[in-house]
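Everything on this sheet refers to the single structure shown next.
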Amino acid sequence: MVSLLRGLIISLALPGLLQASDWPQWRGPERNAQSDEVLASKDWTADPPQHLWTVEGFGEGYASVAVVGGVLYTLGDIDGGQSVIAASAEDGKILWKQPLTETRPEHKYEGSRCTPSVDGDRLYVVSSDGAISCLKSTTGEIVWQRKFSEWNGRMMSGWGFSESPLVDGERVLCTPGGDDAMVVCLDKMTGKDIWACKASIEGSAGKDGAGYSSIMISNAVGIKQYVQLVGRGLIGIRAEDGKQLWSYNRVANGVANIPTPIIEGNLVFASTSYKTGAALVELKKDDDGVAMEEKYFLEGQVFNNHHGGMILLDGHIYAGHQQNEGFPTCVNLLTGEIVWGGKLRGAGKGSAAVLFIDGHLIFRYQDGTVALIEAVPTGYNLKGSFAPDYQKGASWSHPVVVNGKLYLREQDKLMCYQVGK
């Protein structure tokens, strides 16, 4: 009994052990951009968030942050290469930096994209030049690394690999975009292949290669599968062996397929911009496989999400609508009805990255403006907004709230605001 208790105490002290409020990966614990934090103020006009600090040293990039056990992780282009950076979540002090590349990856909009996926004493990242790396979360030491060129990987267009890898049990998954290896499943401890999925997507929309999205898990019709938005559209992959189960091409565009799909039971909702739109598909049992049926398609002028992400809450989708606009919009998931919004100009300008917290939405606009909007289908209700301490170029990094603190990555700088109690 004593040895068991000692083991428990040691395990509780291990760095990287998840806590209730941690944000261990892209869009949070469930990859749905929903925080369980409580707001200190729901009126940002009368009582806006307090600016705590702004620190620098995070390099160029649009990557968001993961926060686990009081440590914040992100990626940035620093000193001629792309690096993983760990910092104190309390004051932003840099703890370590680990270069992943010897030179800065070359692509449009230079800089990092990936939010690290933290899993105990390891973390997993995809550099924008196309490689997945496993690092020790305590020191940054590289454990293993695989280049996407091993799978003849490629992007659908030239803005750099942007995926945040998915850790699922003993596996880690990513999307090289190769003809015979669109998605690969690796042993998370060694990086060795478990399987590679050869995608075959019928239809002419989009382009071959990986998109800019990240993988989601679905258990539709009782079959565990990985859902990903790639260059040619949506695909569903059987988790057991990497076999493609279904595909959907209509939602793809030929420029950049970006937003992470929304999974709800047997349903998948996806959207892309660049004059495309959004769709709801239903997955159905088909012998020992899965069949896909389109429930509706929304044309681009009705609804499209650029790259700020979408949130599903109580049967409604909340997101910024329209390319480079971020019009606050509420969509009925089952019917596709625009409940409110559409062409409603919000507090800021440009595409908006969204986060749900305590009955509200935090919209971070491309121009830097941060707004609080009530997350209800009854109508648009702005609860205030503020201009950040620092803004440069396009503010595309997604906001994160952990332990009452709102983190806003802005290229080389990181800002922290008190939003929780």
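The values are calculated or read from the model by the stated rules, or taken from the named source; none is laboratory data. No experiment lies behind these values; they were computed from the predicted model shown. Backbone-built Cβ (ideal geometry, glycine too); neighbour counts: all protein chains shown.
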Count of residues meeting criterion [out of contact with any helix residue (DSSP H, G or I) (no Cβ under 8 Å at 6 or more places or on another chain) and in contact (Cβ under 8 Å) with a residue 40 or more places away in the chain] in the range 175-188 = 6
Scan S164, S88, S137 and give me the residue that is under 19 Å from the mean Cα position of the chain (by Cα), at pLDDT 95 or above and not hydrophobic (A, V, I, L, M, F, W, C).
-> S164
Starting from the range 290-305, take each residue that is surrounded by 13 or more Cβ atoms within 10 Å (Cβ to Cβ) and small (G, A, S) and list its partners that are in a loop (DSSP other than H, G, I, E, B) and at pLDDT 95 or above, counting only C-beta distances under 6 angstrom and pairs at least six apart or across chains.
-> G300/K275; G300/T276
Identify, from the list W195, W151, W144, W159, the residue that is in contact (Cβ under 8 Å) with a residue 60 or more places away in the chain and either surrounded by fewer than 24 Cβ atoms within 10 Å (Cβ to Cβ) or of a type outside the set (K, R) (or both).
-> W159
Apart from one, (1) outside any strand (DSSP E or B); (2) at pLDDT 95 or above; (3) among the charged types (D, E, K, R) all hold for D77; the odd one out is (1)
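Quick check, is D180 part of a loop (DSSP other than H, G, I, E, B), surrounded by fewer than 16 Cβ atoms within 10 Å (Cβ to Cβ) and on the phi < 0 side of the Ramachandran plot?
yes
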Any residue in the range 97-111 that is closer than 24 Å to K207 by Cβ, among the hydroxyl-bearing types (S, T, Y) and surrounded by 19 or more Cβ atoms within 10 Å (Cβ to Cβ)?
-> no
Quick one: in the range 56-74, of everything that is of a type in the set (A, V, I, L, M, F, W, C) and in a loop (DSSP other than H, G, I, E, B), which residue is nearest to K97 (Cα to Cα)?
-> F58
Quick one: which strands (runs of 3 or more DSSP E) lie wholly within the range 333-421 and hold at least 2 residues that are crowded, with 22+ Cβ neighbours inside 10 Å, modelled with pLDDT of 95 or more and within 17 Å of the chain's Cα centre (by Cα)?
-> 352-357, 360-365, 400-402, 405-410
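Residue-wise test of (1) touching a Lys or Arg at 6+ places or on another chain (Cβ under 8 Å); (2) within 21 Å of V400 (Cα to Cα); (3) modelled with pLDDT of 95 or more.
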site: D286; (1), (2), (3): no, no, no
site: V290; (1), (2), (3): yes, no, yes
site: K295; (1), (2), (3): no, no, yes
site: V302; (1), (2), (3): no, no, yes
site: G309; (1), (2), (3): yes, yes, yes
site: D314; (1), (2), (3): no, no, yes
site: F327; (1), (2), (3): yes, yes, yes
So, first residue within 8 Å of Y407 (Cβ to Cβ) in the range 62-74, second residue of a type in the set (A, V, I, L, M) and assigned to a strand (DSSP E or B), Cβ within less than 6 Å, six or more apart or across chains; the pairs are V65/L72; V65/V400; V67/V402; L72/A87
Matching option when the condition is surrounded by fewer than 24 Cβ atoms within 10 Å (Cβ to Cβ), acidic (D, E) and over 24 Å from V419 (Cα atoms), among D91, D47, D79 = D79
